[in-house]
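The values are calculated or read from the model by the stated rules, or taken from the named source; none is laboratory data. Since we're looking at a predicted model, the values are computed, not measured. Cβ placement follows ideal geometry from the backbone for every residue including glycine, while neighbour counts extend to all protein chains displayed.
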Amino acid sequence: MADKSRQTLGIELEFIVFYTTPDQPAPAKDDKRYGPVLECPHYSKIPLPPGFEEDEYDYPRRKLEATWVRQKVADVIASAGFKSKASLYAKGPEADLFTLWNVVPDISVRLPFDFDQAYMPLEHVGVEVNSPVFVAGEDAFKEISTVVKAINSAFLTTVPPVCGFHVHVGRGHKPLEFRPVQRIASLLWLAENLIDTVHPGCRRGNKHCFGMRHFSNLGAALCTEHAGEHIDMLGKSRHAELSLDRVDKNRKKPTNYKYNRPLNVTDSQESTLSRSFACEYLVSFWEPLYNGLSAGVKMMDGVRMIFNSKDIEEIAHLTSFEEDRRGAYNFANLGSEQSANSPRKPTIEFRGAAGSLDADWIVVWAKICLALCGPAVVESSDDDFYQLLYDCEQGYYAPHKYDVFDLLHDLGICKEDINAVHGRLVSGRYEQEPGLAFHRPDDTLDCALDEGFEPGWQRRGRDDVYGTWPEHDDLPSPSWDDNDNSDDGSNGDSSQSVETYESSVNSVVDGFCSLSVQEDNWSTEPQQVVEWEPMLDTQGSTIW
């Protein structure tokens, strides 16, 4: 049971697991850089789990194989020593199991048909893994890291651009108070462009994680011709009076990290490798609904509107989106009317991160989400908080004065974790991971990322995977300014090129055909065997 007085968190991981069946030829055993290929029995030999229903629009074979794969994921988590369960459905009371790792289906996580051909004879299943509720701390981070590494070791996986990585932050089943929510929302409004720096381009303008400035009701209020009317209507602040008179406007930058790519990411249509690649996965991107601020309106006016909100529901409305679109920062689960037994989670949901199975990054991003709702934001003095807001506003207009590394420092993120963020950006890992053929758990910052499987390899030679690749390639090599002829609204102005690899495309095929099918060191007898059982409602009170 989570401690009500401390921060709690939960994570949601989305990824693809590859497997083979007896009627398909299996790749040869060789490549140790990836997890093993799962060997699924013939679907006629898979026992029907309780509650299984055949879908007239789905093939029973694929559905049974998918349930079997998800059960294996739950078994591996149990083998690592943690409670887990595989559920038949993604939603409903059976999925509200906040005390264990819950493995559920995710039909949105899949490969386009052409990529199916590129991966043949491998089959694939989209998987979502929801963590239990943790009290924030080292024990939670250790368990999360252990589970992710267990998945990496046991399965051949990938995290294409259709995958997301969500973090929920709350205080157990105790609703967050009004004043902290005001502060968190106002900081995220000002710091959004800095935070976006650590995420790949495929997450900006993405319909699953819209940004506040371009799509929210607050953005609409400040980016339309009636913005002045909204500002004039503001009454007395329900926060302490916002004053920047005592901030240090000449404060020295807290950090001095070097990064050769512009940090002020404000254009959701910026052309990047991951964004170009996401278009081939049929990921939908939107042009900004609300772009430039109206004349005479400052970003700080958004903070004034949040400070003048009367309750949490109003903040949730300001930060929400039309037509139930989901934002990168979701406040919709908050509210004073929630009961202890509510199936909703009284949390702030961070949806901006791309899917990942990089255990180190998953832990670091979880820490950042906690810090964005942590003591430096909700417990600091008004003057210290206003200084943070002022610095973030400076970072919006002049990122050379205040960047994401400065923000992480001021939030209390340790130097080691800031170094990890910096290394991830400099290495290009954050942009390349969504485009890699397979996830590689042993990547380090000083080695080539998936050498032999350069980003975007699936878009080549789909008709002849086991033969010889075409000697010519009509597609340009991936680069930061590569629009790939996709209609994503990109302008292709970026000039930084992606690292290229010396290995030929033939070595790509050779490497793919030599994937390992061994079980590695995983025990066939998990410490906690997870059996299929009827789904029951959670007993006791909901703690999210």
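Residues are listed down the side, and each one gets a yes or a no for (1) assigned to a helix (DSSP H, G or I); (2) modelled with pLDDT of 90 or more; (3) out of contact with any Pro (no Cβ under 6 Å at 6 or more places or on another chain):
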| position | (1), (2), (3) |
| --- | --- |
| Ile107 | no, no, yes |
| Glu128 | no, yes, yes |
| Val147 | yes, yes, yes |
| Ala150 | yes, yes, yes |
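One residue is enough: does the stretch 284-297 have a residue meeting the conditions closer than 29 Å to Leu176 by Cβ, buried (at least 16 other Cβ atoms within 10 Å of the Cβ), modelled with pLDDT of 85 or more and of a type in the set (Val, Ile, Thr)?
no
Does Leu13 count as assigned to a strand (DSSP E or B), surrounded by 12 or more Cβ atoms within 10 Å (Cβ to Cβ) and at pLDDT 70 or above?
When the stated conditions are applied, Leu13 passes them.
How many residues does the stretch 359-398 contain that are assigned to a loop (DSSP other than H, G, I, E, B) and under 24 Å from the mean Cα position of the chain (by Cα)?
2
Here's a check for you: in the stretch 385-436, which residue that is of a type in the set (S, T, N, Q) and without any contact (Cβ under 8 Å) to a residue 60 or more places away in the chain is surrounded by the fewest Cβ atoms within 10 Å (Cβ to Cβ)? Reasoning before the result, please.
Here is the first cut: in the stretch 385-436, the residues of a type in the set (S, T, N, Q) are 387, 394, 419, 427, 432.
Remaining after also requiring without any contact (Cβ under 8 Å) to a residue 60 or more places away in the chain: 394, 419, 427.
Values: Gln394: 18, Asn419: 14, Ser427: 18.
By that ranking, first place goes to Asn419.
Going by the conditions given, is Phe155 over 19 Å from Phe350 (Cα atoms), more than 18 Å from the chain's Cα centre (by Cα) and without any contact (Cβ under 8 Å) to a residue 60 or more places away in the chain?
no
Got a number for residues in the stretch 103-156 being buried (at least 19 other Cβ atoms within 10 Å of the Cβ) and under 16 Å from Ala86 (Cβ atoms)?
So the count comes out to 18.
Somewhere in the stretch 87-97, is a residue modelled with pLDDT of 85 or more, of a type outside the set (Gly, Ala, Ser) and assigned to a helix (DSSP H, G or I)?
So the first thing to find is which residues in the stretch 87-97 are modelled with pLDDT of 85 or more, and the list is 87.
Now restrict to residues that are of a type outside the set (Gly, Ala, Ser): none.
No, the conditions are met nowhere in the stretch 87-97.
Out of Ala140, Ala118, report the one residue that is at pLDDT below 85 and assigned to a helix (DSSP H, G or I). Break it down into steps so the answer makes sense when it comes.
Working: Ala140 fails: at pLDDT below 85.
Ala118 is the lone residue from the list that is at pLDDT below 85 and assigned to a helix (DSSP H, G or I).
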